[in-house]
């Protein structure tokens, strides 16, 4: 065998070594298609629902596939995609997930199918315009007269309170919650009314001096 | 009536008629004794020496240095302190609890003693009330300093929740500060009138105008006395529960936090007891300093030191009781985190401070008050000094050791205060001393009218007894037999 023939045989063998596994891989991973549907707009603090459909190259739905819903996030010097929710596709290839909208502005949502032995990975993106502002983690804050942070009506209408039906102790807890603020306010008003009385007496001391001089 | 001199640039003519002249006086009060008391009480208002200004200058220099340190903290953030995410409370919060604690003694003790009509305390109530107001003013600064971003205090106003002990604390301290200021002012009215009538015309016009205004036209008429008595009675009754509630609320900031070391129900009364303990020590120290500087030995005798010393001694036992209760209950159950906490306190990094608290803050002061030989003015002042320092250390242990117990499976952090924290702490003590110095220059440090009307001279203990302490001096009937 000539040198040229030997070199050609080696090159062919190398090509086969690389190409054959790639071909096998391509043959085993069917192309998939992911579509995503999100509401065009959402309010800050509300729940957004994402609907994702996964299908194969022929348009047939792919059931029992895990879909991750992610969004980009940065914190200090770290950044990356954060998983907001996950869901599994049903027989129609549809997965529905929801998540709390906690960032104001345009939120880029991405649905990701990681792929498996049979299907190739795929992803789809969409944007949600989030409107609104405010403190997300405080349900009722500040002084809201009358009734402070809860309406006094909540005490008389416990049916509105989910805890009220659980038991006596939960009912008492709900009552205390509804009353929160009132004991402090009453105590403060009592003490400060005494202070006001003393200040009034001080004015009377001054007035008594004027009377004595008169 | 003899003429009284010795008030430096501003004469205090005792012959000048005063509204309080002719009112009923306590047994033993002679015109000469009373004139001497007024001279002693009003002299600091009329005379300011060079040493006073040097002292004020020194305090201002320390405060300026503290402001420089605080500026560094404002510019760079809390990173310039030893505080980090795992131990986020340190010197600042320990000092906050300390100052709020010593503020207790003043008004609380003064009110209790007034309610019980204890005559011996009449000459020290004013100092006690000074301490309350000043310590509250200084102590209330620390949470702001600890915040780093002081503007975020507005979040408490905007988003504050009734359920938060932090909000309760703001209400409690504000209410106590206003009440204590009122309670300080009320018995000052007759003394303002005295200063108005007695201070000579050479006193600065602004000062005479201030006393005239603050005296509210006090003439000592029966109607005015009745009104003042009623106002003081109201404040006496109100301020006691307010004072107790303030330190209870301060303790709730800790005990309502999910941390092993703070997980105890005794924190409320324990903090109140600790506050009175350190507050009594502060009163004794201030009493000793002002007595020496203003030559008040005739009015602040060994009796005041001894009675307050007894209170201090009793509180060493009360503090021991509370501490043991806490250790035994925690130690018996040994929940997760408790072994770590006990180890770090007793044989770990906090061992020296822990031993200092027990030996110097509890054992030695208790022993000093136990033995008649050491129960002298010098001994009592030494005990008070030890208690004051030890109680700051105790607050440091509560705060820092409590935060050091890991909440999760991470390595415990360490906390070392930086120069910024020590400088600000020094500035706080300087501010405390400055305010006391200014108060002592503006107001009589003794409630002159109350001493005249309700206390009088110490008939049962001669002034010489101060130099030669004798147990029998407190038992006149036995002393008489001897």
- Name the single residue, out of those in segment B:181-215 being within 30 Å of residue B:244 (Cβ to Cβ) and outside any helix (DSSP H, G or I), that is farthest from the other protein chains (Cβ to nearest Cβ). B:187
- Task: Report whether or not residue A:47 is modelled with pLDDT under 90 and either within 14 Å of chain B (Cβ to nearest Cβ) or surrounded by 16 or more Cβ atoms within 10 Å (Cβ to Cβ) (or both).
- Result: no
- Query: surrounded by fewer than 14 Cβ atoms within 10 Å (Cβ to Cβ) and either in contact with a helix residue (DSSP H, G or I) (Cβ under 9 Å, 6 or more places away or on another chain) or part of a helix (DSSP H, G or I) (or both), is that true of residue B:297?
  - Reply: no
- Query: For segment A:178-214, what are the residues that are at pLDDT below 80 and at the interface with chain B (Cβ under 7 Å from one of its Cβ atoms)?
  - Reply: A:180, A:181, A:184, A:209, A:210, A:212
- Note on the structure: Per the filter on segment B:157-180, residues touching a helix residue (DSSP H, G or I) at 6+ places or on another chain (Cβ under 7 Å) and either more than 20 Å from residue B:247 (Cα to Cα) or at the interface with chain A (Cβ under 10 Å from one of its Cβ atoms) (or both) are B:160, B:161, B:162, B:167, B:168, B:171, B:172, B:175, B:176, B:178, B:179
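Residue-wise test of (1) crowded, with 21+ Cβ neighbours inside 10 Å; (2) not in a helix (DSSP H, G or I).
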residue	(1), (2)
B:398	yes, no
B:417	no, yes
B:429	no, no
B:446	yes, yes
B:453	no, no
- Single residue of B:289, B:250 found to be out of contact with any helix residue (DSSP H, G or I) (no Cβ under 7 Å at 6 or more places or on another chain), away from chain A (no Cβ under 14 Å) and assigned to a helix (DSSP H, G or I): B:289
- Flag if residue B:24 is under 28 Å from the mean Cα position of the chain (by Cα) and either modelled with pLDDT of 75 or more or outside any helix (DSSP H, G or I) (or both): no
- Query: If you scan segment B:88-116, which residues turn out to be touching a residue at least 12 places away in the same chain (Cβ under 8 Å) and part of a loop (DSSP other than H, G, I, E, B)?
  - Reply: B:88, B:89, B:90
- Among the residues of segment B:344-353, is any modelled with pLDDT of 95 or more and within 21 Å of the chain's Cα centre (by Cα)? no
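The values are calculated or read from the model by the stated rules, or taken from the named source; none is laboratory data. Owing to the predicted nature of the structure, the values given are computational and were not obtained by experimental measurement. Don't worry about glycine lacking a Cβ; one is built from the backbone with ideal geometry, like all the others, and counts go over all protein chains shown.
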